[in-house]
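S.K.: Supplied in C-alpha cells, the structure appears directly below.
The values are calculated or read from the model by the stated rules, or taken from the named source; none is laboratory data. Computed from a predicted structure; not experimentally measured. Every residue, glycine as well, gets a Cβ built from its backbone with ideal geometry; the counts of neighbours run over all protein chains shown.
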Amino acid sequence: MSQTMYGVVLWADHKDQKAVIWCEDHGDLALYHDAEASVHDGVSLDEGDLIEFDLKQEENLRLAQNPRRLAQNHYPGLAQALRHADASRNTGPTVPNETGNVIPFRGRTPAYPTGPLRAIHAS
C-alpha cells in the first residue's frame, strides 16, 4: 500500500539515480532509487528540491516512488540546518522538572509555584 507524500531532497546522486528524502510527516527518511533509468531518463532530483512522491513501506524501509518535482532548490540549506539542529539540541545540562508536566521556558520566571504543593484546608 502506498500513500502520497511531500518531501525535500536532502541528498541526491544523479549518476546512480538515488536520493534521500525528508518526509512531511517527520518520520523516517525515504529512499529513492531508479535502477532502470539512465542519467538522461526520468526525473533529476537535486538537494533542496520540494517533491511529491508515492511512499511505499517495505519491511523496515520507506521507499519513494514516482517523484514529481514541485519546486527546484526550494530548501537549499535544509540538510545542513538539520545537522546543526541535532548538534545544538544538547547544549548543556537540563534543570530537573519538579512541577509535573509544565515545562518552563528558559530565562523566564514561572507564574506558578515551583515548590511542593501543600494542602489547603477549608475553614
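Conditions (1) part of a strand (DSSP E or B); (2) among the aliphatic types (A, V, I, L, M); (3) touching a Gly at 6+ places or on another chain (Cβ under 8 Å), marked per residue:
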position	(1), (2), (3)
4	yes, no, no
21	yes, yes, yes
32	yes, no, no
36	no, no, no
53	yes, no, yes
56	yes, no, no
68	yes, no, no
75	no, no, yes
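S.K.: Also: Name, by its number, the condition in (1) at pLDDT 95 or above; (2) aromatic (Phe, Trp, Tyr); (3) farther than 13 Å from residue 12 by Cα that does not hold for residue 32.
M.R.: Every listed condition holds for residue 32 apart from (3).
S.K.: I'm trying to understand the selection: among the residues of the stretch 10-25, which are among the basic types (Lys, Arg) and more than 18 Å from residue 66 (Cβ to Cβ)? First the steps, then the outcome.
M.R.: The first filter runs over the stretch 10-25 and keeps only residues among the basic types (Lys, Arg), leaving 15, 18.
The answer is 15, and nothing else.
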